[in-house]
Amino acid sequence: MRGCRRWQLNEHFDRQYLLNYTNFTTTIVAQAGKGLFVKQPLLSLVNINKFFGDFHVLKDISFDIRQGEFLTLLGPSGCGKTTLLRCIAGLESVHSGDILLNGSSIRGMAPNKRNVNTVFQNYALFPHLNVYDNIAYGPRVKKSMGEGELKGKVADVLELVQMLGYEKRMPHQLSGGQRQRIAIARALINEPAILLLDEPLGALDLKLRKHMQTELSQLQKKTGTTFVYVTHDQEEALNMSDRIVVMDQGVVQQLGSPRDIYNNPVNYFVTTFIGDRNILQVKVVETSETHAQVQFGEHVVTIRNSGQHRIEEGQTAILAVHMDKMRVSCEQTANAFVGEVLSVHYAGSQIRIRIKVGNKSITVVEYQKIDCDCEAGDQVYVTWEDHGATLLPPEDGWAEGEV
């Protein structure tokens, strides 16, 4: 029975894939017929579905990856991001849908036949080979160049990752950051269309990880190679990416630029996963195209309405405000919450002020200097930057206790 049910599911997904793919190609042909230039994406994922037993790991995943971009798959553990990366690499099969590289399907192609390379979290360097031979391994196996040309190519990629002079070192003689650079050099020497990176900074300490974020970003821009990067670290994704794919439970929740995802989350999951926000349940009093008036306890305030959600007067909604986009004032201020300071905590350049507003405790994060020198017990006024607040409609799965 399980096999029968799986076949029925796959038959449905394949029908849906064919429908979507037909619509996609029809649109391309129609636009080409009108003389419009349509730039083909480097990689297209079309209705990808993947199962582990009866567990549906990837659910109808569809999006394009552009030539030369740094794209990050971001989500919590178990969301399906690494499985999706392995499907692109050919290390996992898909049950339905297709993967198109430069317009051609690579769904059934062996990993070594795809023009992609993967850098793993553990780097997967050969312990018995020195740096030079690790990097030269791929071209030697493929017999893609002679030893003379190979020597020059190895030198080129070592210079790219700032590791010239380390050719004779063994992997155990390298630091974690150095091993990571060699793993990237080994991948880049094959000149892949796409470089896949599966949490390559996860094993590094915090200081080195931040340094390597900058190095990776600069390396990607220097080479122009398309990077597809997997991480659960939102700060890492926001700092390095051109675009971010936010995933949860095998579904793409949102795809966009770091700025757009940070300031304009499309649903409750993205709102709570990206950034540190105060989440409040409010009642919508009045709406317009650009703003809405909402009531929280005794307070009625005006909030930005991004227009991406249907917000109706009289309904309950979720108000999410970035902690670091809020400000505390000791003087009476318009369009503000009034509250009582519960605590003031200094943590280096960051000051965290906990404030009781009605029956809810919120946190305001200020940096270095605050306009209001407050302490526990003081009455204060809390405002926020317009783009720092987001209003969301209620969703299935959230309850009053959660916000």
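So for Cys330, Cys87, Cys374, fewest C-beta neighbours within 10 Å to most, what's the order?
In order of increasing Cβ crowding within 10 Å: Cys330, Cys374, Cys87.
Which one of Gln234, Val154, Ser77 is farthest out on the positive end of the charge dipole of the chain, using unit charges on Cβ (Lys, Arg +1; Asp, Glu -1) and the Cα centre as origin?
Val154
For a footprinting-style exposure proxy, rank Met145, Met240, Met326 by other Cβ within 10 Å, fewest first.
Sorted ascending by nearby Cβ count, the order is Met145, Met240, Met326.
To make sure I understand, if each residue's beta carbon is the centre and we count other beta carbons within 10 Å, what order do Phe63, Phe227 fall in, fewest to most?
Result, fewest neighbours first: Phe63, Phe227.
Of all trypsin sites (Lys or Arg not before Pro) in the stretch 132-164, which ones are in loop regions per DSSP and have a Cβ with at most 13 other Cβ atoms within 10 Å?
Lys143
If you fit an axis through the alpha-carbon atoms of helix 206-223 and take the longest principal axis of the Cα set of the chain, what angle between them do you get, 0 to 90°, nearest 10?
60
Treating only the Cβ atoms of Lys and Arg (+1) and Asp and Glu (-1) as charged, compute the dipole magnitude of the chain about its Cα centre; round to the nearest 20 debye.
1980
Can you give the local net charge around Lys207? Use residues other than it whose beta-carbon is closer than 15 angstrom to its beta-carbon, Lys and Arg +1, Asp and Glu -1.
That works out to -3.
What residue among Ala292, Ala193, Ala237 shows peak mean-square fluctuation when the chain is described by a Gaussian network model with Cα springs under 10 Å?
Result: Ala292 has the largest fluctuation of those listed.
Nearest 20 debye, what's the magnitude of the dipole of the stretch 239-342 about its Cα centre given +1 on Lys and Arg Cβ and -1 on Asp and Glu Cβ?
220
Along the positive direction of the dipole of the stretch 41-263 (beta-carbon charges: Lys, Arg +1; Asp, Glu -1; about the Cα centre), which of Pro127, Ser44, Ala89 reaches farthest?
Pro127
Can you work out the Karplus-derived ³J(HN,Hα) for every residue in the stretch 374-385? Use 6.51 cos²θ - 1.76 cosθ + 1.60 with θ = phi - 60°, whole Hz, and x for glycine or proline.
9, 9, 3, x, 6, 8, 9, 10, 10, 10, 7, 5
Positive end of the charge dipole of the stretch 276-394 (Lys, Arg +1 and Asp, Glu -1 on Cβ, about the Cα centre): tell me which of Ile279, Gly314, Thr302 has its Cα farthest that way.
Ile279
Once you treat every alpha carbon in the chain as an equal point and sum by Debye, what is log10 I(q)/I(0) at q = 0.09, 0.11, 0.13 Å⁻¹?
For the chain, the Cα-only Debye profile gives -0.71, -0.96, -1.15.
Summing Lys, Arg as +1 and Asp, Glu as -1, what charge do residues with Cβ under 15 Å from the Cβ of Phe120 carry, Phe120 excluded?
Cβ neighbours under 15 Å give a net charge of +2.
Percent relative contact order of the stretch 245-375, based on C-alpha pairs within less than 8 angstrom and at least six residues apart?
The normalised contact order for the stretch 245-375 reaches 18 percent.
What Kirkwood hydrodynamic radius do you get for the stretch 41-263 when you take the inverse of the mean 1/r over all pairs of distinct Cα atoms, in Å?
Final number for the Kirkwood radius of the stretch 41-263 is 18.0 Å.
Counting Lys +1, Arg +1, Asp -1, Glu -1, what net charge surrounds Cys79 among other residues with beta carbon under 12 Å of its beta carbon?
For residues surrounding Cys79, the net value is +1.
Each value in this text was obtained by applying a stated rule to the coordinates, not by laboratory testing. As the structure is a computational prediction, the values presented were derived from the model and not from experiment. Note: ideal-geometry Cβ built from the backbone for every residue, glycine included; neighbour counts use all protein chains shown.
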